[in-house]
Structure formats: C-alpha cells, structure tokens
Amino acid sequence: MTIQVNGDPFQTEKPLSVTELLKEARVEAPEYVTVQLNQQFIRRDDFDTTVLHDGDAVDFLYYMGGGSR
Amino acid sequence: MKLTNEQLERYSRNIILFGGKGQKKLLAGKVLVIGAGGLGAPAALYLAAAGVGTIGIVDYDVVDLSNLQRQIIHSTASVGQRKVDSARHTLEGLNPDVHVVTYNEWVNSQTLPQIIDDQHYDFIIDATDNFPAKFLINDACVLGGHPFSHAGIIRFGGQTLTYVPGKGPCYRCIFDTMPPAGAVPSCKEAGILGAVGGVIGCIQATEAIKYLLGQGELLTGALLTYDALTMRFRKIPIGHNPHCAICGDDPAIHELIDYEQPVCESKVGKGSL
C-alpha cells in the first residue's frame, strides 16, 4: 500500500501505526514531531493505536526556531 | 492625504498594482517587526521600501560581525551598535516616508503588550530566533486579537504561517508547547544560509503588505515549508486544533507565559534569527 508522507509516496507491505511509520521513515527526534493524518492532528497518546491505510496522507511537522546571534 | 509627486514616482510600480488608494493604505499601515536579524532584516527592508508608514523594530542585541552573513539591514560599519539603531539608520536612508519606532528591549509578558499597544500595530512579524519568544508572540496575538506572521529558519530550510484571529490555526495548534532543552538545534549550532532568511523574511513582508491592502489570500490555515536544497516549497493545509491550549474549545491558557530559554542555548531571552 502507498501512504503520502510529506507529499511523497511511501510504500509499505504491511499496515503501520504512526509510531511505526516514524521509525520506518527514519524521522529524527520523533518525540518532538507533530503529526497530521489527512489534515487532522493525531495526539501523541494515539500514535501507537492509529493505523495508516492505503491512500492516507501524513504530514510530519517540525519545530523550527533557530537561535543564533 | 494626497500623494506627492515624489511619492507618485517612488511608488509608481506599486501604484500600477494597487493604485494610489492601495499605496495610501500602506502609508497608513503600522507593522511591528520583532527581531532585527536574519528574518527581520529583509522583512523590514521590503516593508520600508514599499512605503509602509510606521515600522516598529524590537531587539536588545548589538550587531556582531557573525550577523552580517544574513542580517542585511546592518553593515560592517555598524558592528557594535545597537541593532535597533543600525536598523533605523538603514530604513530611514532607504525611505524617509517611514516612521521608524525602535524598542531596545527583549519581549516578555510585560513588555510585549505595551509595545503592541504603543502604536496600535496592525500586523506583527515574529522574526525571533527562540521558542520562548515565539510562544509569547503567538499567545499575545491570540489573546489580543492581532494578526501575525510566524516564521522559523535553520540550516537550508524554513517555515512560515500567518495567523488572523478567527481564521485558521495558531502556532500552538501545531506545536503545543516549548520543545525541551537540546531537542531542537539552534542556528548557532546548526548553521543557517543567509538567503533562506531572505526568502522567508520576504514572504513575511509580503503577508503584512497583503494584509494591509486587504488583497489576495493569506497563509492562514496552512504551514508553508521551504527546503532550499531541493528547492521545494510545500503549502501544508493545517486544520484548527480543537485541543489547542490557547485557541481550542476549552483553552487552559488565559495569560502570557514567560518560558525559560533552555539552558543549552546561549543567552536567556530573545533576539533575532
């Protein structure tokens, strides 16, 4: 099945939870990523139990703050 | 107010786009730029060039040689000067129509509402470099009902969104609270390409100008992300978050919070990208 991850197709053999996708997609610092599934925010407590289906669109949103002077 | 002959010439390319009427809206407009750094420098320069009549600049830093790689409002001769003074000098030199108001201080829960009220700013640009300031500006704008542009940049990338009260999500809808110390690298640790600040800062200025004109579609309800290495922009639709701690259905936050800057970062407080 194919999931859209940040706009790109991501192929997977088996259904994945959000937690598993974060690992498979090698997301850095997954504990600080905000996840949208089909434009709905997924609460962190629900990452393990939210299973992705063919055609789902997932967005990983990252803190971006910088910090230079 | 009638445009002078000099103004008709100076703003002729604007006037082709939105008429003398639009130009007068810009001249009457008041935009607050918080942070005179990598984002605030290009944003303030383009606002001044366009003829935004009142521009507030907030910063408590002095110009450092390492800033000049991206903070193009400052020059080699202004190293060691207060950033607000250096910025004022450049903006006034670019366009004497602009009333530049400077605030040589950091923003916190006390100062920020006073600064916003000082000139009753129409639109606020978050050009800061740190999360305590970003959450503070978001919360002040949500609680006070002010539109603002959020942005962040690091390495070769950036992101930005526009908040307008009652229209779409706020910053906290996406990022519920401060990342802990060390979770997110700073520009000092990770680096930043100066031109990335130019791209994102110019988008922030564009949003402010569109808001003042009342023209076009703002970047509300979406997060725009930019990756300079792949030259890819993504406009990610973002829904309002009913669980948002400040603008959700049952908000927990009713006043401004002074977060501590994580200890791994440089100075406590504020500053600009």
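For this structure, a couple of remarks:
- Solvent accessible area, Å² - A:ARG44, 1.4 Å probe, full protein context: 110
- Violating pairs (Cα-Cα greater than 29 angstrom) within the set B:LYS30/B:LYS235; B:LYS2/B:LYS83; A:LYS23/B:LYS210: B:LYS2/B:LYS83; A:LYS23/B:LYS210
- Here segment B:124-238 carries DSSP beta bridges of which approximately 85% are antiparallel, counting only pairs with both residues inside.
- Per-residue SASA remark: B:CYS202, around 40 Å² accessible (1.4 Å probe; ligands, DNA and RNA not included).
- Listed by chain and number, the aspartates and glutamates whose C-alpha is less than 17 Å from the C-alpha of A:LYS14, apart from same-chain residues fewer than 8 away, are A:GLU24, A:ASP48, A:ASP54, A:ASP56.
- Applying 1/(1 + (r/R0)^6) with R0 = 25 Å to the Cβ-Cβ distance of B:GLU255 and B:HIS120 gives a FRET efficiency near 0.75.
- Surrounding net charge for A:PRO15, when Lys and Arg each add one and Asp and Glu each subtract one, Cβ distance under 12 Å: -4
- Convex hull volume of chain A per residue (C-alpha atoms, cubic angstrom): 95
- Normalised by the number of residues in chain A, the mean separation of alpha-carbon contacts (under 8 Å, six or more apart) gives a relative contact order of 44 percent.
- Residues whose amide H comes within less than 5 Å of that of B:VAL33, counting only those at least five positions distant or on another chain, are B:GLY56, B:ILE57, B:VAL58, B:ILE125 (H built at 1.01 Å from N in the peptide plane).
- Neighbour count of at most 12 Cβ within 10 Å plus DSSP loop: longest GluC sites (Glu not before Pro)-free window in chain A: A:29-69
- Secondary structure note: in chain B, about 55% of the DSSP beta bridges are antiparallel.
- For chain A versus segment B:9-42, the inter-centroid distance based on Cα atoms is 39 Å.
- Residue by residue, segment B:208-219 carries 3J(HN,Hα) couplings of 4, 5, 4, 4, 5, 6, x, 10, x, 10, 7, 7 Hz when phi is fed to the Karplus relation 6.51 cos²θ - 1.76 cosθ + 1.60 (θ = phi - 60°); x denotes Gly or Pro.
- Annotation: amide H of B:VAL62 within the under-5 Å range of B:LYS83, sequence separation 5 or more or interchain, hydrogens built in the peptide plane.
- Net charge of neighbours whose Cβ lies under 12 Å from the Cβ of B:THR54, counting Lys and Arg as +1 and Asp and Glu as -1: -2
- Over chain A: helical MRE at 222 nm, DSSP H runs n ≥ 4 each giving -39500 (n - 2.57), nearest 500: -2500 deg cm²/dmol
- Surrounding net charge for B:LEU8, when Lys and Arg each add one and Asp and Glu each subtract one, Cβ distance under 14 Å: +2
- Measuring spread by the Cα atoms of chain B yields a radius of gyration and Dmax of 17.8, 55 Å.
- The mean sequence distance of close C-alpha pairs (under 8 Å, at least 6 residues apart), as a share of the length of segment B:1-150, puts its relative contact order at 25 percent.
- Annotation: peptides B:248-254, B:94-100, A:4-10, B:193-199, ranked by per-residue average of other Cβ atoms within 10 Å with the highest first, follow the order B:193-199, B:94-100, A:4-10, B:248-254.
- Neighbour cut-off at most 12 other Cβ (10 Å), DSSP loop, GluC sites (Glu not before Pro), segment B:157-243: B:GLU217
- Surface accessible to a 1.4 Å probe, B:LEU136 within the full protein complex, Å²: 10
- Accessible surface ranking that places the most exposed of B:ARG82, B:ARG234, A:ARG26 first, with a 1.4 angstrom probe: A:ARG26, B:ARG82, B:ARG234
- Normalising the average separation of contacting C-alpha pairs (under 8 angstrom, six or more residues apart) by the number of residues puts the relative contact order of segment B:64-104 at 32 percent.
- Rounded to the nearest 100, the interface formed by chains B and A buries 2600 square angstrom of accessible surface, both chains summed, with a 1.4 Å probe.
- Each residue of segment B:97-108 was assigned a 3J(HN,Hα) from its phi angle through the Karplus curve 6.51 cos²θ - 1.76 cosθ + 1.60 (θ = phi - 60°); the sequence is 5, 7, 8, 9, 10, 10, 10, 8, 7, 8, 7, 8 Hz, with glycine and proline shown as x.
- Where only DSSP H runs of four or more residues are counted, chain B gives -10500 deg cm²/dmol as its mean residue ellipticity at 222 nm, each run worth -39500 (n - 2.57).
- Applied to segment B:11-16, the Karplus parametrisation 6.51 cos²θ - 1.76 cosθ + 1.60 on θ = phi - 60° returns per-residue 3J(HN,Hα) values of 9, 4, 6, 5, 5, 4 Hz, with x for Gly and Pro.
The values are calculated or read from the model by the stated rules, or taken from the named source; none is laboratory data. Since the structure is predicted, the reported quantities are computational estimates derived from the model, not experimental observations. Note that we place each Cβ from the backbone using ideal geometry, even for glycine, and neighbour counts take in every protein chain shown. Areas reflect the complete protein model, heavy atoms only, side chains present, ligands, DNA and RNA absent. Shrake-Rupley method; radii C 1.70, N 1.55, O 1.52, S 1.80 Å.
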